[in-house]
1. Can you give me the distance in nm between label points at MET1 and SER27, each placed 7 Å from the Cα along the Cα-to-Cβ direction?
2. Return the single residue from SER27, SER44, SER13 with maximal mean-square fluctuation; model: Gaussian network over the chain, springs between Cα atoms under 10 Å.
3. Identify which of the listed values of Rg/Rh (Cα atoms, Kirkwood Rh) was calculated from the structure shown: [x] 1.31; [y] 0.92; [z] 0.96.
4. What net charge do the residues around GLY76 carry, taking every other residue with its C-beta under 13 Å from that of GLY76, with Lys and Arg at +1 and Asp and Glu at -1?
5. Return the single residue from LEU59, LEU23, LEU33 with maximal mean-square fluctuation; model: Gaussian network over the chain, springs between Cα atoms under 10 Å.
6. List the chymotrypsin sites (Phe, Trp or Tyr not before Pro) within the chain that fall in a DSSP loop (any state other than H, G, I, E or B) and whose Cβ has at most 13 other Cβ atoms within 10 Å.
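Read-outs: derived from the displayed coordinates by stated rules, not from any lab. Everything numeric here is computed off the predicted structure, so don't read it as measured data. A quick note on method: Cβ atoms are made from the backbone with ideal geometry, for glycine too, and the neighbour counts reach across all protein chains shown.
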Amino acid sequence: MTAYIVSSGVTSSGITLGALDTLTVLSGGVAFLTTDGGHETVSSGGTDIDATVLNHGVLTLAAGAVGEAETIEFGGILGGGDS
């Protein structure tokens, strides 16, 4: 289990999340080309570009977050919220 955090001013690229892994993109952070088999959360003010959400993967975009060119495969979950 690995917990990744993308802070303000940081861009991650090509992270692959396993089933127990998490990725949190904070305000001002950018995640690019994430392969999500775990749980990715994008906070308000954060940006996620070109993620692929695999079967059982979860991508949560908070209100005010930006998600662009996302691919949700069969069994993947895209959610939204106020967090």
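1. Reported label-point gap for MET1 and SER27 is 2.8 nm.
2. Sorting by GNM fluctuation, first place goes to SER13.
3. [y]
4. -4
5. Of the options given, LEU33 has the highest mean-square fluctuation.
6. PHE74
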